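First up is the structure itself, then whatever we jot down about it.
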Amino acid sequence: QVQLVESGGGLVQAGGSLRLSCAASGRTMSTYTMGWYRQAPGKEREFVATVSGGGSRTYYADSVKGRFTISRDNAKNTVYLQMNNLKPEDTAVYYCAASTTTIWGFKNRVDYWGQGTQVTVSS
């Protein structure tokens, strides 16, 4: 069992930056592919980014590529999402996720979810 707790959400103006954190507990985080999803009001939850267990491989949704950076610190059992040049369409609840698959299978299988953190980008 893995518990995931997100933090770092908030209100920011368009063009601004935020860094989300996800603290994992329960099992060794390095054994899991980690990542982020988001869900905007009235929309389905969508994939944002993922990082491999060792942190060397990453994969992003086209909508955030070049603006968001995912990273992890296994010593701290924490995964991060640095979000730059934020846009109003990035407004959503952001969820941390853990998977036993690789980054290529992450969009199809999530084993654990966090409770989510709200990100609001004003225009």
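The values are calculated or read from the model by the stated rules, or taken from the named source; none is laboratory data. Since we're looking at a predicted model, the values are computed, not measured. All Cβ positions, even for glycine, are placed from backbone atoms using ideal geometry, and neighbour counts span all protein chains on display. Heavy atoms of the whole protein, side chains included, go into the accessibility calculation; ligands, DNA and RNA do not. Shrake-Rupley method; radii C 1.70, N 1.55, O 1.52, S 1.80 Å.
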Enumerate the pairs (first residue in region 93-117 and under 16 Å from E44 (Cβ atoms) and in a strand (DSSP E or B); second residue anywhere and of a type in the set (V, I, T) and open to solvent by less than 10 Å² (accessible area, probe 1.4 Å)) with beta-carbon separation below 6 Å, excluding pairs fewer than 6 apart on the same chain, so at least 6 apart or on different chains.
Y94/V119
Quick check: anything in region 28-39 within 14 Å of Q118 (Cβ to Cβ) and either hydrophobic (A, V, I, L, M, F, W, C) or not in a strand (DSSP E or B) (or both)?
yes
Checked region 25-44 for anything modelled with pLDDT of 95 or more and of a type in the set (A, V, I, L, M, F, W, C); matches are M34, W36, A40
For Y94, work out the one condition from (1) out of contact with any Lys or Arg (no Cβ under 9 Å at 6 or more places or on another chain); (2) open to solvent by less than 40 Å² (accessible area, probe 1.4 Å) it doesn't fulfil.
(1)
Counting just the residues of region 62-91 that are within 14 Å of S25 (Cα to Cα) and of a type in the set (A, V, I, L, M, F, W, C), which one comes out least open to solvent (accessible area, probe 1.4 Å)?
V79
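In region 1-14, which residues are in contact with a Leu (Cβ under 9 Å, 6 or more places away or on another chain) and open to solvent by less than 50 Å² (accessible area, probe 1.4 Å)?
Listed by number, the residues that qualify are E6, G8, G9, G10, V12.
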Considering only region 19-38, how many residues are over 17 Å from G8 (Cβ atoms) and surrounded by 12 or more Cβ atoms within 10 Å (Cβ to Cβ)?
6
Looking at G55, is it open to solvent by 10 Å² or more (accessible area, probe 1.4 Å) and touching a strand residue (DSSP E or B) at 6+ places or on another chain (Cβ under 9 Å)?
yes
Yes or no: V48 assigned to a loop (DSSP other than H, G, I, E, B), crowded, with 17+ Cβ neighbours inside 10 Å, modelled with pLDDT of 95 or more and of a type outside the set (D, E, K, R)?
no
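Checking the conditions here, which among A24, A14 is touching a residue at least 40 places away in the same chain (Cβ under 8 Å) and in contact with a Cys (Cβ under 9 Å, 6 or more places away or on another chain)?
Selected residue: A24, the only one of A24, A14 that is touching a residue at least 40 places away in the same chain (Cβ under 8 Å) and in contact with a Cys (Cβ under 9 Å, 6 or more places away or on another chain).
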